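Throughout, read-outs are computed from the coordinates displayed, never taken from laboratory work. Since we're looking at a predicted model, the values are computed, not measured. Backbone-built Cβ (ideal geometry, glycine too); neighbour counts: all protein chains shown.
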Amino acid sequence: MTAPAHSNRPLRSLSRRERFANGEIQDRAFGFLAIIAGYLLLAILAAIALFLVLKAVPALNKNLANFFTYKQWNPDATKTAANGLDDVPHPQFGIGALAFGTVFTSLIALALAVPVAIGVALFIAYYAPRRLAMALGYIVDLLAAVPSVVYGLWGLIFLVPHLIPLSKWLTRYFHWIPILGTDGGFGKSVFAAALVLAVMILPIIAAISREVFLQVPQTQREAALALGATRWEMIRISVLPFGKSGVASATVLGFGRALGETIAVALVLSSNFEIVYKIFTPGGNTIAANIANQYGDAGKIGLGALIASGLVLFVITLIVNLFARFIARRAIPAGSVV
Amino acid sequence: MTTPTLSPSSIEGLLSTRRLSRWVLAGIPVGCLLVSLLVFAVTPFQGRADFLVFFFFLYMIVQTTVSAVVEGRRRAVDRFVLALVIGAFVAAIAPLLSVLGFTIARGAKRFDWTFFTHSMSGVAESDNNGGAYHAIIGTVEQIGIATAIAVPFGVLVSIYLTEYAKGRFGRAVSFFVDVMTGVPSIVAGLFILAAWVLAFGFGHSGFAGALALMVLMLPTVVRSSEEMLKLVPPSLREGGLALGLTRTRVVLHIVVPAALPGIVTGIMLAIARIAGESAPLLLTVFGNVATNTDPFSGAQSALPLFVFNEAGNNNQTAIDRAWTGALTLIILVMLLNLIARVGVALLSSKRA
C-alpha cells in the first residue's frame, strides 16, 4: 500500500472543524497512535534491560565474591563484626554453578529432544497418511499447551520415581561414560529435569522442522523418487539437505526455551550449588529455578542478586535467539535455489 | 548437498529383488510380541515401559535383518527408518498421554464442590478440604487485565507494522517483536518486580502479575494479528481508498473486520499460553491463601501458583489439591485452545 491517502488536497486550507469533519484529524491521530504503540513496545524492551541493571548493580557492588565464578549463593549472609558483637552483612554469591547447570541441563534436553523432534516432523510431513497429518500435528502441538507447572508436578510425582530403575541400570553398565553415573543415591536429578525440558521443547522444534520439511520443492522430491530412490533415500538426498539450517534454527530456538524454563525445573531438581555433571546425581540447579526457589526468603541484597542472575539469563537467551534468527535468515536464500 | 548414491547397479538390484509379502510384514511384529511376552514371563525382566522398549528393539532387529536378507540393503534401511520415525512419534505422544492420564486420574479425587467454593484460608496442609476458589478468582482477574492491555496494544502495533511501517524503524519494531518472543517468562516477572514492585514501590498485587503476563502476551498477539492483517488482499484497501475513505476508516472498517476472526483466534492462543504461566506470577503476585478479590492491592493467588505451592508440600492431601488444580488448569487451557482451533477450522472451511 504505497499510494498516499490524500493525494487530492483541497485548494483552500480547511479550518480545524472541517478537517475534523472530513476525518483528517482522526486520521492523523490514529496514525500517530499506531506509531506510539510501536515506540512503546521498544520502550518496554529497553525498560526490561534498564530496570534489571538498575536493581542488580547495588547488590553486585556489595558482593564480596566473584559473581561469575563463585558457586555458592549466600547474598543475605552475615558475619560477626570486628568488635565481636554486631552482625555485618557478608554477601557472597555467584552464578558459577547456576550458569553451568542451566546450559548443561538444556544441552541434555536438546540431545534428547532433537532426534525425536526430527523424527516426528518427518513422520507428519512425509510418512503419515495425508488425511491424518494435520490432526497428528495438532496432537503434537498440544504438548506445548500443557502448563509448565503441570509438567513439573508430573515430573516430580511420576517421572522421578519411574526413572530410578533406568538410572540404576544405565549407571551399572555405562558408568564409564563420564556424564552417566551418580555421586551417590538416585532421585531428583539433572536427567529427570532434562527429560521434562525435552518434552516441553519438543513441540516447538517439531513444528518448525515440519514447516521447513514441507517447503522442500516438490520437483526435488519427485526427481529423487523418479531416479528410483526409496522414501528414506528421497528424504536423505532432497529433504534433509534443504531443511538442515531450518532444523538448526529450530534447535537453537528450543535451546533458548529450555534455558529460561523455571517452574518445571524448580519442582524436579533438588537444588544444590555444586557443579553436577553426572546426570543421575541428585542435585544440579539452573538460574531460573534458583530464582523461583530463593525468592520467598530473599532479603534486600538477595533480591538484587536474583535480579542480577536474571539479567545474565536475559542476555544469554537474547544472544541465543539472535543466533537462531541469524541461522534462519541465512538458511532461506541458500534453500530457495531450486 | 550430498551426492545422490544411486549407481546403475544398485537400481538394477532394487528393481529385481523380491519384496516381503504383506503376510510376512504383519507376521514379524506379531511374532516379536509373542517372543517379548515369553521373555517377560520367564526372565526377571518386568515393567510396561521396559516391555515396550524390548519389543521395539526386537522388532527393529528382526525386521531389518529379514528385510536385508530378502529385499537387499536399501529396502532394509528404508523399513528401518520407517520404524524409527513411527517410534519417534510414539515417544512424543507418550508423555502427553501420560501427563493427561495422570492428571485426570489424580485430579478427579478432589474435583468436588468444596474445591471450587473454598479458599485455603485456615486450611492446614494435612486437611483434606480447602480449595482453589481464591486462585481461580485471581487467575481470571489477572488474565482479564493482561488481555485488556495486551490486545489493543498488540493489535495497534500489528496495524502499525502492516499498514504504516516503512523503512528502518518498521524493521526495528518487527525485529524486536521477535526478540520479545524469546524473553523467558521469569525475566518478564523479574522486570515487573524490579520496576513496578521495587523501584516504583507499588508492592505485590494481581495487577503487577497482569503486567508481567501482558509483556509475555504482547509479542504473540502482535505476530498472530500481523499474519492475519497481511492476508487481507490489497485490493480491499485500494477499493476503500478509491471511494475516498480516510486511511483510518479503511483500517478500522475494512481491514480489521476482514481479519477479525483470525485475530481473535490468535488472541485465544495467546491467552492459553499465558494462562499456565507460574514463574512470573510467583515474583509479582506472590501468592495468598485467602481470597483477595481486589487485583490492585495486596498479594493474590493464581491457579498455577496454587499448584506450585501445593506440590511443594509433603502431605498427600496437599498433593491431591495440586493435581486437582493442575486438572482445572489443563481444562481451562485446552478449552481455550479448542475454541481457537475450531474457530480456525470453521473459518478455513468457510473460506474454501
Point to revise | Mean separation of Cα contacts under 8 Å, 6 or more apart, over the residue count of chain B: relative contact order % | key: 20
Study note, to complete from the structure: A:Asp141 and B:Val289 label points (each 7 Å along its Cα→Cβ direction) are spaced in nm at 4.2
Review point. When chain A is treated as a GNM, springs tying every alpha-carbon pair under 10 Å, which of A:Arg172, A:Arg257, A:Arg17 comes out with the largest mean-square fluctuation?
Key: A:Arg17
Revision key, fill the gap. Sorted by chain and then number, the residues having a modelled amide H within less than 5 Å of the amide H of B:Gly47, at least 5 places away or on another chain, are none
Exercise for review: Assuming a ≥ b ≥ c are the square roots of the Cα gyration tensor eigenvalues, decide whether chain B counts as rounded (a/c under 1.5), prolate (otherwise, with a/b larger than b/c) or oblate.
Suggested key: oblate
Exercise for review: Specify the residue with the greatest mean-square fluctuation among B:Val232, B:Val155, B:Val289, computed from a Gaussian network of chain B linking alpha-carbon atoms under 10 Å apart.
Suggested key: B:Val232
Revision key, fill the gap. Here the Kirkwood hydrodynamic radius of region B:237-352, Cα-based and in Å, equals 17.5
Point to revise | In degrees, nearest ten, helix B:206-231 long axis to first principal axis of chain B (Cα) | key: 60
**Study point:** J(HN,Hα) series, region B:111-126, from Karplus relation 6.51 cos²θ - 1.76 cosθ + 1.60, nearest Hz, glycine and proline x
**Key:** 6, 10, 4, 4, 4, 8, 10, 10, 9, 9, 5, x, 9, 7, 3, 8
Exercise for review: Can you pull the one-decimal nm distance between simple spin-label points at A:Gln72 and B:Ala26, each 7 Å off the Cα toward Cβ?
Suggested key: 6.9
Check your understanding: What is the Cα centroid distance between region A:168-199 and region A:218-289, reported in whole angstrom?
Key -> 19
Study note, to complete from the structure: Computed over the Cα atoms of chain A, the Rg and Dmax in Å are 26.7, 91
Review point. If you bin every alpha carbon distance in the protein assembly as shown into 10 Å steps from zero, what whole percent lands in each bin?
Key: 3, 13, 21, 24, 19, 12, 6, 2, 1, 0
Check your understanding: Near the amide H of A:Thr78, under 5 Å away, which other amide H atoms are found, from residues 5 or more places off or on another chain, if H is placed in the peptide plane?
Key -> A:His90
**Study point:** ³J(HN,Hα), Karplus 6.51/-1.76/1.60, whole Hz, each residue of region B:101-107, x for Gly, Pro
**Key:** x, 5, 5, 5, 5, 7, x
Exercise for review: Go through region A:50-64 residue by residue and turn each phi into a ³J(HN,Hα) via Karplus (6.51, -1.76, 1.60, θ = phi - 60°); whole Hz please, and just put x for glycine and proline.
Suggested key: 4, 5, 5, 5, 4, 8, 7, 4, x, 5, 5, 5, 7, 5, 9
**Study point:** For chain B, built as a Gaussian network whose Cα springs stay under 10 Å, the top-fluctuating residue of B:Leu243, B:Leu281, B:Leu216
**Key:** B:Leu243
Check your understanding: If you find the alpha carbon centre of region B:156-234 and of region B:41-62, how far apart are they in angstrom?
Key -> 49
Review point. Label point 7 Å out from B:Glu125 along Cα-to-Cβ: which residues of region A:140-175 have amide N under 18 Å?
Key: A:153, A:156-157
**Study point:** Between 0 and 90°, nearest 10: helix B:48-71 axis offset from chain B longest Cα axis
**Key:** 50
Study note, to complete from the structure: Over all pairs of different Cα atoms in region A:244-338, the reciprocal of the mean inverse distance gives a Kirkwood radius in Å of 15.3
Check your understanding: Taking region B:18-120 as the region of interest, what is the percent of Cα-Cα pairs per 10 angstrom bin, listed from the shortest bin to the one with the maximum distance?
Key -> 13, 30, 26, 14, 9, 6, 2
Check your understanding: Kirkwood Rh over Cα pairs of region A:166-224 into Stokes-Einstein at 4 °C, 1.567 mPa s: D in µm²/s?
Key -> 87
Check your understanding: How long is the gain from A:Asn22 to A:Ile319 if the chain were fully straight, where each residue apart is worth 0.36 nm and the alpha carbon distance is subtracted?
Key -> 102.1 nm
